[in-house]
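Working notes, beginning with the structure itself.
The values are calculated or read from the model by the stated rules, or taken from the named source; none is laboratory data. Note that this is a predicted model, so its numbers are computed, not measured. Cβ placement follows ideal geometry from the backbone for every residue including glycine, while neighbour counts extend to all protein chains displayed. Protein only, heavy atoms only, side chains kept; ligands, DNA and RNA dropped before computing areas. Shrake-Rupley method; radii C 1.70, N 1.55, O 1.52, S 1.80 Å.
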Amino acid sequence: MSSTLTGRRAPRLWWNVLGLLVFVTAGFPLYWMLNTAFKPAKDAIDPDPSLLPTGITFANFGRALDIADFWGPVGRSMVVSLAVVVIGMVVGLLAALAISRFAFRGRKIVIVGILAVQMVPLVAMIIPVFLLLNDLGQYDRLTGLIITYLTFILPFTVWTLRGFIVNIPKELEEAAMVDGCSRTGAFLRVVFPLLAPGMVATSVYGFIQAWNEYLYALMLLSQKNQTATVWLGNFTTKHGTEYAPMMAGATMMAVPIVALFLLVQRKMAAGLTAGAVKG
């Protein structure tokens, strides 16, 4: 009997060890960022660094705020990210609803097209995007950057929301319409509340993508209109890289993402699995 229990516990133990290794591997960069942000600047460039904090200082955060304007880039990143999320969710939800609930000519082509767009490397489109925005007068404008981000965030949004909508039985809408609701009323009263976790998960993904994007923000905006990710590049100069202030800046940039996760963590967990079975 004891040997049987031991045999059952062994695989679970190995899975726990594997999970712990994955956690340590994924969490170590975050730990090292925080460790470097709070350690003295001279220790950050020590050729024999210590895994444990050797001292705690807040001077790196002051240096990060002094080296260049911080709140301007962060504010622009917030505006761009929120605009991308709001516009992407409205347009993506309507598109996903049309693909999921209505039969029309070319429906399969649209679905395949959405998948095909996601396969194109973003770096391959930067020159055409630059030329197009320049012709439209949107170069070095936040609106141009928002439009650009929407082109690669919208396909994911549509595809993900489609999976969530497909999991909601049509019979629920039909029953609501039999009870007197219009199609719009049935969607708002029945489908929309069930879709909320999926919308939260998709919104968080879109926000993170827009917030962390670097290449297009670097190429499409000038120094005066730079976003937070480009702002981090100010710590690398011809004299070298100031690692401690850079990590302090990266820590401050991570605060909005962490706060967002803490606010929506429950719906985020439900949304990540809600559309994973059918679709």
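Taking +1 at the Cβ of each Lys and Arg and -1 at the Cβ of each Asp and Glu, which of 113, 263, 185 sits farthest along the dipole of the chain towards its positive end, judged by Cα position relative to the Cα centre?
185
Heavy-atom accessible area of residue 140 with all protein chains present, probe 1.4 Å, nearest 10 Å²?
Using a 1.4 Å probe on the heavy atoms, I get roughly 40 Å².
Among 136, 148, 200, which residue has its Cα furthest toward the positive end of the charge dipole of the chain, with +1 on Lys/Arg Cβ and -1 on Asp/Glu Cβ?
200
Which value, in Å², gives the accessible area per residue of the chain when a 1.4 Å probe is used on the protein heavy atoms?
60
Just the number, please: Stokes-Einstein D of region 211-254 in µm²/s, Kirkwood Rh from C-alpha pairs, 4 °C, 1.567 mPa s.
My calculation gives 118 µm²/s for D.
By per-residue mean of other Cβ atoms within 10 Å, what is the highest-first order of 125-131, 199-205, 58-64?
Values: 125-131: 14.0, 199-205: 22.1, 58-64: 17.3.
Peptide ranking by packing, descending: 199-205, 58-64, 125-131.
Span-like helices, the chain: DSSP H, alpha-carbon axial extent 27 Å or more, mean Kyte-Doolittle 1.6 or greater, which ones?
Span-like helices, by this rule, are 71-101, 142-166.
Can you give the helix-only mean residue ellipticity at 222 nm for the chain, where every DSSP H stretch with n ≥ 4 adds -39500 (n - 2.57) and the sum goes over all residues, rounded to the nearest 500 deg cm²/dmol?
It lands at -24500 deg cm²/dmol.
Treat every Asp and Glu Cβ in the chain as -1 and every Lys and Arg Cβ as +1, leave all other atoms uncharged, and give the resulting dipole magnitude about the Cα centre to the nearest 20 debye.
Here the chain has a charge dipole of around 880 debye.
As a test of reading the structure, rank 46, 135 by solvent-accessible area (1.4 Å probe, protein chains only), most first.
Largest accessible area first, the residues go 135, 46.
Please report, in debye to the nearest 20, how large the charge dipole of region 94-180 is about its Cα centre when each Lys and Arg carries +1 at its beta carbon and each Asp and Glu carries -1 there.
Charge dipole of region 94-180: 280 debye, to the nearest 20.
With the cut-off at 1.5 for a/c, could you classify region 17-80 from its C-alpha gyration tensor as rounded, prolate or oblate?
oblate
Counting Lys +1, Arg +1, Asp -1, Glu -1, what net charge surrounds residue 244 among other residues with beta carbon under 15 Å of its beta carbon? Don't skip to the end; give the middle numbers.
On the way: positive: 39, 42, 63; negative: 43, 46, 66, 242.
Spelling it out: positives minus negatives among the neighbours equals -1.
What number comes out for the charge environment of residue 95, summing +1 per Lys or Arg and -1 per Asp or Glu over other residues with Cβ under 14 Å away?
Taking every other residue near residue 95 into account, the sum is +3.
Each label point is 7 Å from the Cα along the Cα-to-Cβ direction; what then is the distance between the points at residue 48 and residue 32, in nm?
1.9
When a/c is below 1.5 the answer is rounded, else prolate if a/b is larger than b/c, else oblate, so apply that to region 1-139 with a ≥ b ≥ c taken from the square roots of the Cα gyration tensor eigenvalues.
oblate
Would you check the accessible area of residue 263, probe 1.4 Å, heavy atoms only, in square angstrom rounded to 10?
150
What is the chain by shape, rounded, prolate or oblate, if you read a ≥ b ≥ c off the alpha carbon gyration tensor as root eigenvalues and call it rounded for a/c under 1.5, prolate for a/b larger than b/c, and oblate otherwise?
oblate
If you take every residue apart from residue 57 with its C-beta less than 12 Å away from the C-beta of residue 57, what net charge results, scoring Lys and Arg +1 and Asp and Glu -1?
Summing Lys/Arg as +1 and Asp/Glu as -1 gives +2.
Once Lys and Arg get +1 and Asp and Glu get -1 on their Cβ, which of 245, 64, 167 lies farthest toward the positive end of the dipole of the chain?
167
When only C-alpha pairs under 8 Å and at least 6 residues apart count, what is the relative contact order of the chain, in percent? Write down the numbers at each step before the final one.
Numbers: 273 pairs, mean separation 85.5, N = 279.
The normalised contact order for the chain reaches 31 percent.
Given the whole protein assembly as supplied and a 1.4 Å probe, what does the accessible area of residue 54 come to in Å², nearest 10?
Looks like 90 Å² after rounding.
On the accessible surface of region 85-220, probed at 1.4 Å, how many percent belong to carbon and sulfur atoms?
C and S fraction of accessible area: 70 percent.
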